[in-house]
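A short worksheet on the structure shown next.
The values are calculated or read from the model by the stated rules, or taken from the named source; none is laboratory data. Remember, predicted model here, so these are calculated numbers, not experimental data. Using ideal geometry, Cβ is built from the backbone for each residue, glycine included, and neighbour counts are taken over all protein chains shown.
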Amino acid sequence: MNYTTHLLFILISITSLLRSTAAEPLSTTAVYAFGDAIFDTGNNNGLRTICRADHPPYAAELHDTISFGRFSNGMLPADILVHDLGLKPLMQPYLNMQTAPRDTLRTGVSFASTCSGLDDLTADEYDKNIHFRLDFSLNHQSYDLHYNNRNFEAARETMRLDIGDGPTDDVLKNAVYLISGGTNDMLVNYYAIPIRRLTYSVSAYHEFLLGNLKDFVKKLYKRGARRVGVLGMPPVGCLPLDISTKFGFKRECVSQHNADATQFNERLQQYINQFVTEMPQLKIAYIDIYNPMMDMINNPSRYGLEHTLEGCCGSGSWELGPFCSKYARVCTNSSQYLFWDSIHPTQAAYEVLTKIFKETSLSSLLA
Ligand SMILES: *[C@@H]1O[C@H](CO)[C@@H](O)[C@H](O)[C@H]1NC(C)=O
């Protein structure tokens, strides 16, 4: 080897060494999302429910009416994730995919439905109690886990017909499954309408919710799911609506509700770690949103935030769904707000949460 080829050889070796030690880009076939508003990219639009965001100013920053139905100003975590993973620009809702490309199911869809929970009673109660006062015909409701499951099964059958059994199994085995739930169960069935409070202590209700979660994960596992991420509860006592319900105009987190959420999250982590005894090939990760959200509340300037205990839409204390309408006043810069309406985070906050998720639990699922 002469000097030049030698140098070239060294250079090539160094470059390939650098390439092989650099972090592999995260890759997966698809993302399937289940649960409540945090993942609902528009499934409720076609349902007869009060829990809808199919109007401006919801999703207004996405600038097209197809994106309506997202309970935020723009992208939700599932959107940010499929976009960042290079799967597609936005996550389509399963019940509302008329304009979606044919291969949509293969890269992921959302089955989630706003106002639902881990307790099937939650979606029922939301609609019965709130709907009742506004609209007396109450025969449809948000889609609980039972429907999530049924629709996932139907999606799998469609894919099988489309691309065959083997390729479908490959997609499902390598996909990431995200589940959110628990917040509405506590807000509706425990705090607001104390149906479950009559028969369950907080911890007994948590056990009940976790039992439902496990049944659901088992069903996914049976159909081939191997990488599951479960969202913990947010600081429920800092949701603007929860604060307003408790304190009126005073802005201060409801500490008991945060303590309940922390207790749930601790139990959730212990609980899902035991799933592998029954589902040996399962990788399951806890997705923490509680601590990142508390950090945004305690250190807002780190995130460019100025308002963390009231939403951007309307007064910030109460409005959501139909009450956060095109007539509502909207803040001038939603990036300075943690919350978009009185329960749901802004895209800016979701970007922070999704980034943390990608750097922590997602890499462990895809490893
Ligand atoms: C909106 O707020 C963000 C975060 O604080 C800031 O970076 C951005 O410059 C603001 N945009 C405008 C137009 O003021």
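Data for the structure
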{"item": "Filter result for the condition that a residue is at pLDDT 90 or above, within 25 Å of residue 226 (Cα to Cα) and touching a helix residue (DSSP H, G or I) at 6+ places or on another chain (Cβ under 7 Å), over 40, 36, 54", "result": "36"}
{"item": "Number of positions in the stretch 10-28 that are surrounded by 10 or more Cβ atoms within 10 Å (Cβ to Cβ) and either in a helix (DSSP H, G or I) or modelled with pLDDT of 95 or more (or both)", "result": "8"}
{"item": "Answer residue from the stretch 248-283, given it is modelled with pLDDT of 95 or more and among the aromatic types (Phe, Trp, Tyr) and is nearest to residue 346 (Cα to Cα) among those", "result": "264"}
{"item": "Candidate set: the stretch 167-182, residues that are touching a strand residue (DSSP E or B) at 6+ places or on another chain (Cβ under 9 Å) and not aliphatic (A, V, I, L, M); chosen: the one surrounded by the most Cβ atoms within 10 Å (Cβ to Cβ)", "result": "182"}
{"item": "Any hit, the stretch 336-349, residues being outside any loop (DSSP other than H, G, I, E, B), crowded, with 17+ Cβ neighbours inside 10 Å and more than 16 Å from the ligand (Cβ to nearest atom)", "result": "no"}
{"item": "Every residue from the stretch 310-335 that is within 16 Å of the ligand (Cβ to nearest atom) and either over 22 Å from the mean Cα position of the chain (by Cα) or β-branched (Val, Ile, Thr) (or both)", "result": "330, 331, 332, 333"}
{"item": "Residue identified as within 16 Å of the ligand (Cβ to nearest atom) and among the aliphatic types (A, V, I, L, M) among 284, 289, 297", "result": "297"}
{"item": "Hits in the stretch 106-150 (condition: at pLDDT below 70 and polar (S, T, N, Q))", "result": "129, 137, 139, 141"}
{"item": "Selected residue (criterion: nearest to residue 57 (Cα to Cα)) from residues of the stretch 303-335 that are crowded, with 17+ Cβ neighbours inside 10 Å and of a type in the set (D, E, K, R)", "result": "319"}
{"item": "When residues of the stretch 196-213 are limited to those that are buried (at least 16 other Cβ atoms within 10 Å of the Cβ) and of a type outside the set (A, V, I, L, M, F, W, C), the one nearest to the chain's Cα centre (by Cα)", "result": "212"}
{"item": "Any hit, the stretch 248-271, residues being of a type in the set (Val, Ile, Thr), crowded, with 18+ Cβ neighbours inside 10 Å and without any contact (Cβ under 8 Å) to a residue 24 or more places away in the chain", "result": "yes"}
{"item": "Residue 305 being closer than 30 Å to residue 365 by Cβ, within 16 Å of the ligand (Cβ to nearest atom), outside any helix (DSSP H, G or I) and over 20 Å from the mean Cα position of the chain (by Cα)", "result": "yes"}
{"item": "Condition met for residue 360 (more than 16 Å from the ligand (Cβ to nearest atom), of a type in the set (Val, Ile, Thr) and at pLDDT below 95)", "result": "yes"}
{"item": "Residues located in the stretch 139-184, provided they are outside any helix (DSSP H, G or I) and over 23 Å from residue 362 (Cβ atoms)", "result": "139, 140, 141, 142, 143, 144, 164"}
{"item": "One residue from 70, 48 being of a type in the set (Lys, Arg) and either within 15 Å of the chain's Cα centre (by Cα) or under 19 Å from residue 335 (Cα atoms) (or both)", "result": "70"}
{"item": "Residues (assigned to a helix (DSSP H, G or I) and in contact with a strand residue (DSSP E or B) (Cβ under 7 Å, 6 or more places away or on another chain)) located in the stretch 251-277", "result": "268, 269, 272, 275"}
{"item": "Subset of the stretch 39-59 (residues that are of a type in the set (A, V, I, L, M, F, W, C) and closer than 14 Å to residue 321 by Cα)", "result": "47, 50, 51, 53, 59"}
